[in-house]
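Just below is one structure, and these are the notes that go with it.
The values are calculated or read from the model by the stated rules, or taken from the named source; none is laboratory data. Note that the structure is a prediction, hence the values are computed from the model and not measured. Cβ atoms come from the backbone with ideal geometry, glycine included; neighbour counts cover every protein chain shown. All accessible areas refer to the heavy atoms of the entire protein, side chains included, with ligands and DNA or RNA removed. Shrake-Rupley method; radii C 1.70, N 1.55, O 1.52, S 1.80 Å.
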Amino acid sequence: MTILIYIYLFALGAVLGSFYNVVALRVPAGESIVSPPSRCPRCGTRLTGRDLVPIASWLLSRGRCRHCKAPVSPLYPLGEAATGLLFVWVYASFGWSAAALIGLLLVSLCVIVTVSDLATMLIPNKVLLFFAPILAMACLLLPNDIPWWSHLLGAAAGGGILLLIVIVSKGGMGLGDVKLFAVLGFVIGLPNTAVALVTACLAGTLVGGALVALGVVRRKQPVPFGPFLALGACLAYAYGADAIDYYLSLFT
């Protein structure tokens, strides 16, 4: 039965991930997420059901449009696969619980902002404004281990710390990251916000350094930080308490 649940959640996540890709790419461009129907950006041919099967369509077409053979960004199947895997991970971590529902909302937001930031270097306000009240109601009304004051302090700490970094660095980080981390900080609360930020900075440093070493990006070239904040928040949501306990055990 567990395997069937995993398969179902992966399939559900992949389908929703396909929609999340649309949101992530259209909202920053100021386009509607429902109209026009999906088309090839190169030749304008309207895509049919055969072209829209999550992950499989991209693999079967070898990453190219069936009509004009233009390359299709791997962000599409990666976003779909990531959403499916994250849905399975949330269930494996929390089972059927209120924490799992909050986790599914959290990873949905994280997938959208990650794809958007990677593709456009933007974290859309409309996406944050849509998810913020839903996550707030879920965190405050559903039973979970994080008290209400911790949610508020997490939002204040997350947004406040990054805003201070923006002021000090004079634009080294975007305000979209500040608003995103305020929302994420509300969900994970304190002290998990600190775990998320440390994780994000560590991952960003390692990945950024590797990209520079491989020549993929140039030194001082801006690298989206939203995906690392999303990664840090997801890991902190599931494992933050364990990480804090381990850290404290080093001093006892």
Could you please let me know if Gly185 is touching a Lys or Arg at 6+ places or on another chain (Cβ under 9 Å) and crowded, with 22+ Cβ neighbours inside 10 Å? no
The condition of being closer than 17 Å to Cys110 by Cα, polar (S, T, N, Q) and surrounded by fewer than 23 Cβ atoms within 10 Å (Cβ to Cβ) holds, among Thr199, Thr205, only for Thr199
Quick one: would you say Pro41 is loosely packed, with under 13 Cβ neighbours inside 10 Å, in contact with a strand residue (DSSP E or B) (Cβ under 8 Å, 6 or more places away or on another chain) and free of Cβ contacts under 8 Å to residues at least 40 places away in the same chain? no
Select from region 130-170 the residues that are open to solvent by less than 60 Å² (accessible area, probe 1.4 Å) and within 24 Å of Gly204 (Cα to Cα) and list them in ascending order. Gly154, Ala155, Ala157, Gly158, Gly159, Gly160, Leu162, Val166, Ser169
Output for region 26-59, where each listed residue is touching a helix residue (DSSP H, G or I) at 6+ places or on another chain (Cβ under 6 Å) and within 26 Å of Met121 (Cβ to Cβ): Val27, Pro28, Ile33, Pro54, Ile55, Trp58
Across (1) of a type in the set (A, V, I, L, M, F, W, C); (2) touching a Phe, Trp or Tyr at 6+ places or on another chain (Cβ under 9 Å); (3) over 30 Å from Tyr91 (Cβ atoms), Phe10 clears everything bar (3)
Take the conditions within 21 Å of Val111 (Cβ to Cβ) and crowded, with 24+ Cβ neighbours inside 10 Å and apply them to Ala236. Does it pass? yes
Could you grab me the full set of residues in region 10-38 that are in a helix (DSSP H, G or I) and open to solvent by 60 Å² or more (accessible area, probe 1.4 Å)? Phe10, Leu12, Val15, Phe19
Output for region 45-67, where each listed residue is among the small types (Gly, Ala, Ser) and open to solvent by less than 50 Å² (accessible area, probe 1.4 Å): Ala56, Ser57, Ser61, Gly63
